[in-house]
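Below is one structure, written out as structure tokens; the observations come after it.
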Amino acid sequence: MKLQQLRYIWEVSKNNLNVSATAESIYTSQPGISKQIRILEEELGIPIFTRNGKHLTDMTPAGRQIVSIAGEMLMQAENIKNIAKEYRDESKGILSIATTHTQARYALPPVIKTFMQNKPDVSLDIQQGTPVQISEMVSQGKVDLAIATEALELFENLIMLPCYSWDRCILVPKGHELTTVGQLSLQDIARYPLITYVFGFTGRSKLDDAFNSEHLSPDIALTAVDADVIKTYVRLGLGVGIVARMAYDPKMDADLVALDAGHLFGKSVTKIGIRKDTFLRGYMYDFIRLFAPHLKKDMLNKAMELKDQGAIDALFNDITLPHY
């Protein structure tokens, strides 16, 4: 059994059992992958995949377990490489981060600027996606860190570290009727078409829960993954926007009015998600500390050792998070 064979079955499983696509993604040949999978199956004495002719159609029950373990072994092999790199030179490497548009556009820029100035020999790779995509990427070891508000809890091999809390605001054009209302209620907002995030993005679940608790069925006229897109359609008069408060810039968005909605939807917490078996290199600690100053190295190490999310949450119970 070779590590390369394990890599092949792992990559095939992540490419919808498409051997050709797998070969392209890892820069090798399709016949080479097929041959090595056959050799591994012969060595194990059981099939890992079911087939229809030459095409893989599914994983066998045993194959699913084998592929899962193969993924863990590949991650540990990567950790061995990282440990070696750490002791060779902890100032060089690649830091890969998956996050949402809101984080990448509004929360991360000053952190990334400082990090790049402090760590010129570390390359940054930032990928954007839905919270589920982001969580899946870090769960599978495709990125080092995930920064999101939703979906990290869906993957048991991740730990979640609280970074900051935030609330929402209502965006309307100047002169809109809602600007004359005192403290807004959900009933006030529900009278208008709403423009907000796609479900699963940036705390959207809290928004839906709030309306449901009041037995209101708001008219969600348009949804987007990008706060800037939401603002564009608010400007066109197509509805009332609901976005993260950090997405409103008084200078850039001077034509819009931001109305407080913190009392309507409550606070949400943005977290960093890390695989439980990740080896944190020195520059990873530095980035996390820049993004969330309360996440000191000793607390990070303790959280990584605890692994149980309930115990990790208790570790940070007495910490007052920064608020946006």
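The values are calculated or read from the model by the stated rules, or taken from the named source; none is laboratory data. The structure presented is a predicted model; accordingly, all values stated were derived computationally and were not measured. Heads up, the Cβs are rebuilt from the backbone with ideal geometry, glycines too, and the neighbour counts pull from every protein chain shown. Ligands, DNA and RNA are excluded from the accessible area calculation, which covers all protein heavy atoms including side chains. Shrake-Rupley method; radii C 1.70, N 1.55, O 1.52, S 1.80 Å.
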Lys251 paired with Glu305, simple spin-label distance in nm, labels 7 Å along Cα-to-beta-carbon = 4.6 nm
Mean shadow area (nm²) of the C-alpha convex hull around the stretch 1-89 is 6.1 nm²
Dipole magnitude of the chain, debye to nearest 20 (Cβ charges: Lys/Arg +1, Asp/Glu -1, about Cα centre) | 720 debye
What distance in nm separates the simple spin-label points at Lys92 and Ala77, each placed 7 Å from Cα in the Cβ direction?
-> 2.3 nm
Total charge of the residues flanking Thr114 in space, meaning their Cβ is under 13 Å from its Cβ, with Lys and Arg +1 and Asp and Glu -1, is +2
Hull volume in cubic angstrom per residue (convex hull over the Cα atoms of the stretch 239-300) = 153 Å³
Subtract the Cα-Cα distance of Thr180 and Thr114 from 0.36 nm times their separation in residues, and report this length gain in nm to one decimal.
-> 19.6 nm
For each pair in Lys2/Lys35; Lys92/Lys307; Lys206/Lys307; Lys276/Lys302, compute the distance between the two Cα atoms and list the pairs where it is over 18 Å.
-> Lys92/Lys307; Lys206/Lys307
Once you have the Cα-Cα distance between Ser213 and Arg38, take 0.36 nm times their residue separation minus that, and quote the gain in nm to one decimal.
-> 57.5 nm
Gained length - Gln4 relative to Asn18, 0.36 nm times residue gap less alpha-carbon distance | 3.3 nm
Out of every Cα pair in the stretch 147-298, what percent are spaced more than 24 Å from each other?
-> 40 percent
Unit charges on C-beta of K, R, D, E only; dipole of the stretch 74-210, Debye | 420 debye
With the calculation restricted to Cα positions, what are the radius of gyration and Dmax of the stretch 23-62 in angstrom?
-> 10.8, 29
Would you mind getting the Kirkwood hydrodynamic radius of the stretch 119-224 from its Cα pairs, rounded to one decimal in Å?
-> 16.6 Å
Residue order for Met252, Met75 - accessible surface, 1.4 angstrom probe, largest first | Met252, Met75
Hey, in the GNM for the chain with a 10 angstrom Cα cutoff, which one of Gly63, Gly241, Gly266 fluctuates hardest?
-> Gly63
Mean projection area, nm², convex hull over Cα of the chain = 20.4 nm²
Just grab the label-to-label distance for Thr320 and Leu238, each label 7 Å out from Cα along the Cβ direction, in nm (one decimal).
-> 4.2 nm
